[in-house]
Amino acid sequence: MVIGSGSARMGLRDLVKRSSGISRSGETSRARTVSISRRRLSRQYYILTHAGKLVFASGENEQVQSLMGVAQALVSIYAAEDDRPRSIIRGKSRISFLLKAPLYLFCVSDWGEPEHVLRTHLEYIHLQVLSIVTSTQLAKAFQRRSNFDLSRLLEGTEHFLHTLIKRAQHDFSYLTSSLEPLRMAPSLREAAAAALMPPAKFRDLLYVLLIASGRIVTLLRPRKHSIHPSDLHLLLNTLAASPTLTSSETWIPICFPKFNPAGYVHAYISPVTEDITLVFISADREAFNDLQGWKDIVVEKLARDQTLSRISQAIPLHSYSVSAVSLPGLYHFIYKSRQSIQITAPSWEPPYDGAARDRLITLYQHLHDSLHAKAGQAEPLRLVYVKTQHEACLGWMTKPFELYMAVSPHLSKAAVVSAANAVATFMSKEEARVFIKDAPVF
Amino acid sequence: MSRTTSFKLVLLGESAVGKSSLVLRFVRNEFSDFRESTIGAAFLTQTVELNETTSIKFEIWDTAGQERYKSLAPIYFRNSNAAVIVYDITQPPDTSFEKAKSWVKELQRQADPSIVIMLVGNKLDMESSRKTPRELGERFAEEEGLLFTEASAKSGDGVEELFMEIAKKLPLAPPPQRTLAKGVKVQGKAEETPSACNC
Ligand SMILES: Nc1nc2c(ncn2[C@@H]2O[C@H](COP(=O)(O)OP(=O)(O)OP(=O)(O)O)[C@@H](O)[C@H]2O)c(=O)[nH]1
Ligand SMILES: [Mg+2]
């Protein structure tokens, strides 16, 4: 660790250390508060520039001022270091921060989650900012004036960040960097994909997506480019945050940082029905007219064989109950296909709303942390079992899947293991409906 | 039975002056007090009847006024037959009106020379909080040879009329294929030029 030579800085560092106990990435804080069933406070997120200007705050609160002090202290201590995330514990809260020059991102949370959860949130927030203002634009603006007011460039997009934050709280697809497509008959998904196959002349076409009620129906990509799930999250967020985007045809510049953080691609967004939206992503900013012309052909194909109306009918059937597995004592689960990087989960049912849902999500996050050795554990685990007074949770990693499962705390360990096997069997039958398999490439 | 000619129209102006509101009043006869800022640009169409034999179909680009999109504006105005440049009369002239003037200059430099430009002072329903006098807009429009009006997307006053006035100024014979600016990808598309159809 490199520390500035000034003694004032040294003193500050000691102060922060003494008053709060710095927890570096290497330290686990596993299961610290897992059994607490209080209602957690909303996490607070902040973006500051390296000159200390506040760019974004997720909630209006009195904390901002006091946090700014801590922020400045942390920044001055770690300024010379790499961009590895840090966090400190202050009272009941964890303050996590991420340096992505010229920005600093902070999160204050009292949920008792593993550190990497907040880091993931902060990374997503940073990516969402880049989707609006590319890294090139950022660098340029701050080169010109180091105290540049970034909030001006982000004007009108605060709701993108608010929407992202809201979704990231309970949606495991962020933490696992995966997708949750619309559940439907595989033949219907194939019919949709066939209608979306682009003509060869669109050389700059990157991705073709059909989205129903905010979920991906199918997704086509060029053979030479894969698509990163976090880029898709940014796109889906942008759509979710902006109802007008799905009310008339639009042509928007958007940066997909995992594809290319330095530049924009262009999204042609066309509402097909009230719930169904077509999105064509092109690298060519002049492609609007061509894509618009092609859209008419696609829509005509989709309307044939009732594909469109069958997709509409699939929307309300997306959610399923955990009772579909018909396993007494099974409360909830999240299943991730590691090969297709997609997840599925039954809907949240009582008692998992409010505080109980926050608690279960946090438990799952600890399981995830252990399965992936995110907190620097010596070795990732294959199987993790945690029991609280409310439920027993199992995390299970195999080659094809990851499973996070909550069951009655009264089940024996053997019963828990056989429940996990039952879910795995159930999912192997359901995979074709819940995941996109073999989406065509062009 | 009338002949329909399509023309491209672009709206430009600072954020929050009411570009989207004017378009949605014109196209859908809607207004909302809480409209979100446009991202990128929205594409809408509306057909008006000029007289018994002629209809005009406007293909409208409602662009975003936010600063970060500034460099993309040429993709929208380059092929436009008409531009509506909007400012907010309830703001002092050195803000959105000044911005409107700079859009006019930019179009004069970069757009097709035959482009019809209409300058619009919006939010006329808020006459009591007016900060930019009508004469300023009027005088500037006269000097630069632009159409001019004041309107209110909220009340609807003057909205339809402003588009009709533009329609009357547009050349009804399909304009000749434009020569495309340097560095622009030539697409040579039939639908690039206003098309006439007998229907
Ligand atoms: N009183 C009044 N308010 C208006 C009028 N037109 C628009 N507004 C309001 O002004 C605000 C901005 O309007 P928009 O139409 O979104 O402005 P815009 O020019 O499209 O803004 P950008 O999309 O950010 O470029 C909205 O809250 C509208 O309700 C008007 O004629 N009168
Ligand atoms: Mg707008």
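Selection of strands (runs of 3 or more DSSP E) fully inside the stretch A:305-419 by the criterion of at least 2 residues being surrounded by fewer than 20 Cβ atoms within 10 Å (Cβ to Cβ) returns A:383-387. Can you spot a residue in the stretch B:74-96 that is in a helix (DSSP H, G or I), surrounded by fewer than 23 Cβ atoms within 10 Å (Cβ to Cβ) and in contact with a Leu (Cβ under 6 Å, 6 or more places away or on another chain)? Within the stretch B:74-96, not a single residue is in a helix (DSSP H, G or I), surrounded by fewer than 23 Cβ atoms within 10 Å (Cβ to Cβ) and in contact with a Leu (Cβ under 6 Å, 6 or more places away or on another chain). Answer yes if at least one residue in the stretch B:72-88 is within 15 Å of ligand 1 (Cβ to nearest atom), closer than 18 Å to residue A:155 by Cβ and within 14 Å of chain A (Cβ to nearest Cβ), and no otherwise. Checking the stretch B:72-88: at least one residue is within 15 Å of ligand 1 (Cβ to nearest atom), closer than 18 Å to residue A:155 by Cβ and within 14 Å of chain A (Cβ to nearest Cβ).
With respect to the conditions (1) over 27 Å from residue B:28 (Cα atoms); (2) within 14 Å of another protein chain (Cβ to nearest Cβ); (3) surrounded by 23 or more Cβ atoms within 10 Å (Cβ to Cβ), residue A:250 lacks only one, and its number is (1). The residue that is surrounded by the fewest Cβ atoms within 10 Å (Cβ to Cβ), among those in the stretch B:1-56 that are among the hydrophobic types (A, V, I, L, M, F, W, C) and more than 16 Å from ligand 1 (Cβ to nearest atom), is B:1.
Filtered by the rule that a residue be within 10 Å of ligand 2 (Cβ to nearest atom), of a type in the set (Lys, Arg) and either in contact (Cβ under 8 Å) with a residue 40 or more places away in the chain or assigned to a strand (DSSP E or B) (or both), the stretch B:8-60 gives a lone residue, B:19. Within the stretch B:140-157, the residues that satisfy the criterion of being out of contact with any Asp or Glu (no Cβ under 8 Å at 6 or more places or on another chain) and either at positive phi or assigned to a loop (DSSP other than H, G, I, E, B) (or both) are B:145, B:146, B:153, B:156.
Just give me the residues in the stretch B:6-45 being among the basic types (Lys, Arg) and within 12 Å of chain A (Cβ to nearest Cβ), in sequence order.
Start the filter on the stretch B:6-45 by keeping residues that are among the basic types (Lys, Arg), which leaves B:8, B:19, B:25, B:28, B:35.
Answer for the stretch B:6-45, where residues must be among the basic types (Lys, Arg) and within 12 Å of chain A (Cβ to nearest Cβ): B:8, B:28, B:35.
Have a look at A:302, A:278 and point out the one that is touching a residue at least 40 places away in the same chain (Cβ under 8 Å), crowded, with 16+ Cβ neighbours inside 10 Å, on the phi < 0 side of the Ramachandran plot and more than 24 Å from the chain's Cα centre (by Cα). Lay out the reasoning, then the answer.
Numbers: A:278 fails: more than 24 Å from the chain's Cα centre (by Cα).
Exactly one residue qualifies, and that residue is A:302.
Does any residue of the stretch A:329-339 turn out to be under 22 Å from residue A:422 (Cα atoms) and out of contact with any strand residue (DSSP E or B) (no Cβ under 9 Å at 6 or more places or on another chain)? No, the conditions are met nowhere in the stretch A:329-339.
Every condition in (1) at positive phi; (2) touching a Lys or Arg at 6+ places or on another chain (Cβ under 8 Å); (3) within 14 Å of chain A (Cβ to nearest Cβ); (4) of a type outside the set (S, T, N, Q) holds for residue B:123 except the one numbered (3). Helices (runs of 4 or more DSSP H) fully within the stretch A:104-165 that include at least 2 residues being in contact with an Asp or Glu (Cβ under 7 Å, 6 or more places away or on another chain) and over 29 Å from residue A:371 (Cβ atoms): A:150-153.
Here, each number is a calculation from the coordinates, and none is a lab measurement. Remember, predicted model here, so these are calculated numbers, not experimental data. Because the Cβ atoms are built from the backbone with ideal geometry, glycine has one as well, and the counts that use them run over all protein chains shown.
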